[in-house]
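Undergrad: Mind looking over this structure? Questions follow.
The values are calculated or read from the model by the stated rules, or taken from the named source; none is laboratory data. Model, not experiment: these values are computed from the prediction. Note that we place each Cβ from the backbone using ideal geometry, even for glycine, and neighbour counts take in every protein chain shown.
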């Protein structure tokens, strides 16, 4: 609930006494998003409360559509996914410290300033979802991971969230990053070197014979069969990392077209604790609902969500 408490530094609640019976709307902006589990998770939670709130997909990258939507008085918040996590930021009134540190926004919420104006605030709940899903699976992960290295695959918005979560709550000695595009990776690393100067972060390069023994391996890229030499190098780096004797935690934020991604199946076979993309998305949605509804979800609601998700995964 710390994120909710901090949210009031941007203004007071927009919710009135009859908020649950008001047909407020929340949205997911991204492309492609037809496979997203967010509508199932969010609407199941809304129905369990019960409330008149609904969650909708907005499959677009058009900033004008986003701006029109968040200007609607019945829009109480949005979820933002690729490729909009960076590009929609200029349309927001403010962003939280953690989102500014990551340079990535995946959630907006509404607060009312002293003049009575609606303010659209951007934040990042991906990092909370990663933290909570890991600790649910491995409660002593923070203690075990301290001062050990971590490996993150990818360099987009999800990778930024993973790196922030590792730095904030799991105290790695160094974070290695492997990605098919060196320019994208260096841009992300330069960002973190400015926003978190004490973070030790390094690119895994094909020419470097680095023997990785990470406690965490976090994947943030689509589950496609690698085609280019760069993509094949990314996969082989993960494969080598999974083979060392000290097994930690593997997180794959991808869950489409199957929750059992190549990384998930490989890690499970090698004896690692595995956190799936479904685990992450459920925890991210719960963190978003706390900001939108301004209340903690009860256990019955969480159980209903997990049961609903379990039926299709």
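Undergrad: State yes or no: is residue 201 over 25 Å from residue 256 (Cα atoms) and in contact (Cβ under 8 Å) with a residue 12 or more places away in the chain?
TA: Yes; evaluated as a whole, the condition is true for this residue.
Undergrad: For the stretch 182-199, give me the residue count where each residue is surrounded by 13 or more Cβ atoms within 10 Å (Cβ to Cβ) and not in a helix (DSSP H, G or I).
TA: 2
Undergrad: Could you grab me the full set of residues in the stretch 159-181 that are farther than 17 Å from residue 124 by Cβ and out of contact with any helix residue (DSSP H, G or I) (no Cβ under 8 Å at 6 or more places or on another chain)?
TA: 173, 174, 176 - these are the residues of the stretch 159-181 that are farther than 17 Å from residue 124 by Cβ and out of contact with any helix residue (DSSP H, G or I) (no Cβ under 8 Å at 6 or more places or on another chain).
Undergrad: Testing residue 119 on (1) surrounded by fewer than 22 Cβ atoms within 10 Å (Cβ to Cβ); (2) in contact (Cβ under 8 Å) with a residue 60 or more places away in the chain; (3) not assigned by TED's automatic domain parsing to the domain that holds residue 7, one condition comes back false. Which one is that?
TA: (3)
Undergrad: Further question on the same structure: So, in the stretch 232-262, exactly how many residues are part of a loop (DSSP other than H, G, I, E, B), touching a residue at least 12 places away in the same chain (Cβ under 8 Å) and closer than 14 Å to residue 213 by Cβ?
TA: Qualifying residue count for the region: 5.
Undergrad: Based on what the data block shows, is residue 100 buried (at least 20 other Cβ atoms within 10 Å of the Cβ) and more than 17 Å from residue 282 (Cα to Cα)?
TA: no
Undergrad: Wholly within the stretch 78-147, which helices (runs of 4 or more DSSP H) include no fewer than the required count, namely at least 2 residues that are within 25 Å of residue 63 (Cα to Cα)?
TA: 97-102, 126-137
Undergrad: Given the residues 174, 137, 168, which is the only one that is at pLDDT below 95 and outside the structural domain of residue 77 (by TED's automatic domain parsing)?
TA: Step by step, each of 174, 137, 168 is checked, and only 137 is at pLDDT below 95 and outside the structural domain of residue 77 (by TED's automatic domain parsing).
Undergrad: Moving to a separate point now. Farther than 22 Å from residue 240 by Cα, assigned to a helix (DSSP H, G or I) and in the same structural domain as residue 218 (by TED's automatic domain parsing): is that true of residue 159 in this structure?
TA: It is false that residue 159 is farther than 22 Å from residue 240 by Cα, assigned to a helix (DSSP H, G or I) and in the same structural domain as residue 218 (by TED's automatic domain parsing).
Undergrad: Ok, one more. Within the stretch 263-280, how many residues turn out to be surrounded by fewer than 23 Cβ atoms within 10 Å (Cβ to Cβ), part of a helix (DSSP H, G or I) and either touching a helix residue (DSSP H, G or I) at 6+ places or on another chain (Cβ under 9 Å) or not assigned by TED's automatic domain parsing to the domain that holds residue 250 (or both)?
TA: 4
Undergrad: Moving to a separate point now. Taking the stretch 16-64 as the region of interest, how many residues are under 19 Å from residue 124 (Cα atoms) and either over 24 Å from the mean Cα position of the chain (by Cα) or touching a residue at least 40 places away in the same chain (Cβ under 8 Å) (or both)?
TA: Going through the stretch 16-64 one residue at a time, the tally reaches 12.
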